[in-house]
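Since the structure comes first, as structure tokens, the remarks are kept for the end.
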Amino acid sequence: MKAIVRDTYGPPDRLRLADIDQPAVGDDDVLVQVVAAGLDQGVWHHVTGVPYLARLAMGVRRPRVRVPGQDVAGRVAAVGRDVTRFQPGDEVYGTCEGAFAEYAGTHQNRLVAKPAALTFEQAAAIPTSACTAFQALATVRAGQRVLVIGAGGGVGTFAVQLAKVSDAHVTGVCSTAKTALVRSIGADEVIDHTRDDFAAAGHRYDLIVDTGGNRRLSLLRRCLTPRGTLVVVGGENGGRWLTGTDRQLRMLLLDRFVGQKLHPLFTTIRQADLPALTELAEAGRLTPAIDRTYPLAQAAEAIGYLREGRAAGKVVITV
């Protein structure tokens, strides 16, 4: 099969399209014929091996998995003998190791049926980013004021929609080019951060979800209510060892001494989240926003475009 591969960590332009063997199918595994693969900032980290601390999980000297990509959507090509949830021909989406390929193998519990209302590209956009947003909004309640920083990005576009599902009042912060998109997905207010400072307005929020990655904790806390919650998603600034996650470590220490709740959030795909997100998508209450799609051979270009921060919503690889 054709696949995007790498043998060492490095910049995305070292990725190459190669012929490799299809994944073996274990007793509980499903072989998926990939139609689309989602792209998120985590792919850049896995390709470059930054932050270095993350290599303890990804592979210290070289990548443990040659083929990058985690979010997948496609058709079941084959199933292991103990698989009971799927059969060949089923349309599915979920997570795997090695999504940037014509075929990907994964455990049956990491997949769910693709909503008929969504394209394969839309389904592939959901798992990592929507699950992250879903977890970030775990405490939101109807009527609360929610601020989403980075509302026009992959996680942010899902966070805005999920907050509105909970009947919250949502303010989205984004760049000029993304304001129309953020309004279109339901934000009650939109702040263009290139023109206005959300912190200067004096508003207090019950929940702040920060996907921007570089604002001071003291500034964010000033925008919270006394018992409000701050969720910081990932970290994209700082040195090569921690890449901004030091801010989240400081949150863990500070949380013990303040009345506000400070929650660092590292992306974790919980299988129980996907059925809930699927139900919302089927009901038309959650629609992935896709900025661009790239063919498999242009995966390096797709990663570069996403890393520039200009993508409005998600970037997806088509196979």
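Some values worked out for this structure:
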| read-out | value |
| --- | --- |
| Binned Cα-Cα distances of the stretch 66-195, short to long, each 5 Å bin given as a whole percent | 2, 11, 18, 17, 15, 13, 11, 8, 5, 2, 0, 0 |
| Computed over the chain: relative contact order in percent, which uses C-alpha pairs under 8 Å that are six or more apart | 20 |
| Convex hull of Cα atoms in the stretch 130-265, direction-averaged projection (nm²) | 7.7 |
| Relative contact order (%) - criterion: Cα under 8 Å, at least six apart; region: the stretch 130-265 | 20 |
| Cβ crowding within 10 Å averaged over residues, with 142-149, 199-206 ranked highest first | 142-149, 199-206 |
| Computed lengthening from D28 to T194, 0.36 nm per intervening residue step minus Cα-Cα distance | 54.8 nm |
| Centre separation in Å (Cα based) which lies between the stretch 43-98 and the stretch 276-319 | 17 |
| Sequence-distant aspartates and glutamates (8 or more away, or on other chains) whose Cα lies within less than 13 Å of K314 | D40, D71, E121, D291 |
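FYI, it's all coordinate maths here, none of it is from the lab. Note that the structure is a prediction, hence the values are computed from the model and not measured. Here the Cβ is made from the backbone with ideal geometry for all residues, glycine too, and neighbour counts use every protein chain on show.
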